[in-house]
Amino acid sequence: MAPQALLSPLHQADGSATYSANGYSVIGAVNGPVEVSRRDELPEEAAIEVNVRPAAGVGGPRERHLESLIQSTLRHIILTRAHPRTLIQVTLQVTSLPEEESSVGDGSGFSFSSLPVLPPLLTTATLALLSASIPLSTTLSATLVAITAAGKIKCAPTAAELVRASAKVSSLHVFAFSVGRALLLAESEGDFEFGAWESACEVAEDACCKSVEGMEVDGEVENGQEFLRGVVEGKVGREMRWRTAA
Amino acid sequence: MTSAQTIVLPGDTIAPNALPTSANPNKPLTLGPGLRHIPPQTITTTIAGALSTDSKKNAAWIEYNSGRYTPSTSDLVIATVTNSVSEAYSCTLTPYTPTVTLPHLAFESATRKTRPQLANHALVYARVVSASRDTAPEITCIDPSTGKSEGLGPLKGGMVFPISMGMARRLLSGRKGGVNVLEGLSERLAFEVAVGRNGMLWVDGGNVRTTLAVGRAVQEVDTEALGDKGQSKVVDRVLRGL
């Protein structure tokens, strides 16, 4: 199933986006730059606050962990110095999970990793920031990579694939890249060797970033950066249609 | 205006041939909102939108229509008074942002004795005098060179309609903005409007029916991003309904 995104579905927030891929749906809102509480104020840059809400129940340590990962990633792409002593608030609500993940935790003893939800959260945050016109130094695209015990690398595996092969998946990795192919986030879980990590990183880079010019192949799966561009083009086109409308 | 739009995302580098070329080589290139210069030669974008250029002014900027209003010098805004401190009113331009100051004497022919008494939540049409990221913005209701109000001042009666920032810019840019809905409505209706760059439209039509009709018509043009023909249709429908 192709990922789907919608920009600015919420009209009261400064920017918002919904994104769904691989069974995960996330709605995100960005408010900013707004007044910051004295305690969080930074003298020369904007403070960034990330709130992650799970699909069911209240957030726990897992959500706090995701928040800190997302916060430290966004801090590097937002031009925080453009709005000193303000707050940029990012709120991400997971609205639906793949069937496999929502049914675990019922005593079967298998606990689902927190990594598969990270790429959709990061993508939603990026889209919401674009929608809020917050100055960014680059855009971000993220993907999940699984390495099986047999050494096979699977990019963006679905939850069903992870559960079916749960005994065989030896490690999970999340990578986020900027437009300029700079690695912004690398989170790994499980047993793996450095060589495997490196090849996983290469696979993720190809999935996230535009292929080098001249090497484009028709019918290739749309990569992360192209997906973002398509979404934004749709939005700008809608906003500017009065120019061409009769 | 360029006919084919270049849509950019943050982090894109603007090719030198996409930038305007001025006839006068001494005229520096002006970078507007959404563009930043990384020395020595690179110009990149910081927000998503359509790249616009003006070769006469030798300027380039990114056209966008979303997000929160950030004050910049000489913008016309509709401010809401929140309280009065010793020598100035504190006003808000957008919710949850630090207040801006409006000095008590920044009104036409105001003196210490005769200054407008504004209650909390009163509306003021004002111009931004100074705005930088390191100081609190200041607004004024007089033209500093002439001391006249030039149409600025407290807004009495009427009603405020939220509009998008892009729509506010269209309304204020005159013919270039391509908005004719107000002219169309004014053929049969009498009303007053004030457009604030902070995404506010104040309308006073004398009675509630006219005020709502005008405000809603502009909001419809905004949300549907209507062109000339679409706007004429809205005008016809509104005038028939009254």
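Please treat every number below as a calculation from the coordinates, not as lab data. Please read these numbers as outputs of a predicted model, since none were measured by experiment. Note that each Cβ is placed from the backbone with ideal geometry, even for glycine, and that neighbours are counted across all protein chains shown.
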| note | In this structure, the FRET efficiency calculated for B:SER149 and A:HIS76 from their beta-carbon separation, with R0 = 41 Å, to the nearest 0.05, is 0.30
| query | Highest GNM mean-square fluctuation, chain B, Cα pairs closer than 10 Å: which of B:TYR64, B:TYR96, B:TYR125? | reply | B:TYR96
| So what is the relative contact order of chain A, in percent, for Cα pairs below 8 Å that sit 6 or more residues apart? | 18 percent
| field | Neighbour cut-off at most 16 other Cβ (10 Å), DSSP loop, trypsin sites (Lys or Arg not before Pro), region B:36-109 | value | B:LYS56, B:LYS57
| request: Could you count how many Lys pairs in the protein assembly as shown have their Cα atoms under 27 Å apart, skipping same-chain pairs fewer than 8 positions apart? | output: 18
| Residue among A:GLN71, A:GLN12, A:GLN225 with the largest mean-square fluctuation in a Gaussian network model of chain A, springs linking Cα atoms under 10 Å | A:GLN12
| query | Under Stokes-Einstein, with the Kirkwood radius over Cα pairs standing in for Rh, what whole-number D in µm²/s applies to region A:18-92 at 25 °C and 0.890 mPa s? | reply | 185 µm²/s
| task | Hey, could you grab the Kirkwood Rh for region B:76-155? Inverse mean 1/r over distinct alpha carbon pairs, Å, one decimal. | result | 12.5 Å
| field | Tensor-based shape of region B:159-241 (alpha-carbon gyration tensor, a/c under 1.5 rounded, otherwise prolate or oblate) | value | oblate
| query | Nearest 0.05, what FRET efficiency do B:ASN207 and B:ARG240 give at R0 = 25 Å with Cβ-Cβ as r? | reply | 0.90
| message | If I take all pairs of Cα atoms in the protein assembly as shown, what percentage of them are more than 36 Å from each other? | response | 40 percent
| query | Taking region A:170-211, which GluC sites (Glu not before Pro) meet the DSSP loop condition and have no more than 12 other C-beta atoms within 10 Å? | reply | A:GLU193
| note | For chain B, the convex hull over Cα atoms projects on average to an area in nm² of 16.0 nm²
| message | Could you compute the longest span of chain A free of trypsin sites (Lys or Arg not before Pro) located in DSSP loops and having at most 16 other Cβ atoms within 10 Å, not counting the site residues? | response | A:1-151
| Compactness ratio of chain A: Cα Rg over 2.2 N^0.38 Å, N = residue count? | 1.04
| Taking the alpha carbon gyration tensor of region B:11-60, what are the square roots of 5 times its eigenvalues, largest first, to the nearest whole Å? | 18, 12, 9
| said: Given a 10 angstrom Cα cut-off, can you work out which residue in B:THR94, B:THR80, B:THR111 is the most mobile in a GNM of chain B? | reply: B:THR111
| request: Give the long-range amide H neighbours of B:PHE161: residues separated by 5 or more places, or on another chain, with amide H under 5 Å away, using H modelled in the peptide plane at 1.01 Å from N. | output: B:LEU201, B:TRP202, B:VAL203
| Mind listing the Cα extents of region B:1-86 along all three principal axes, in Å, largest one first? | 52, 29, 29
| request: Kindly provide the GluC sites (Glu not before Pro) of region A:38-101 that DSSP labels as loop, not H, G, I, E or B, and whose Cβ sees at most 15 other Cβ atoms within 10 Å. | output: A:GLU41, A:GLU44
| Tell me, what is the FRET efficiency for B:SER55 and A:ALA149 to the nearest 0.05, using R0 = 56 angstrom and their Cβ-Cβ distance as r? | 0.35
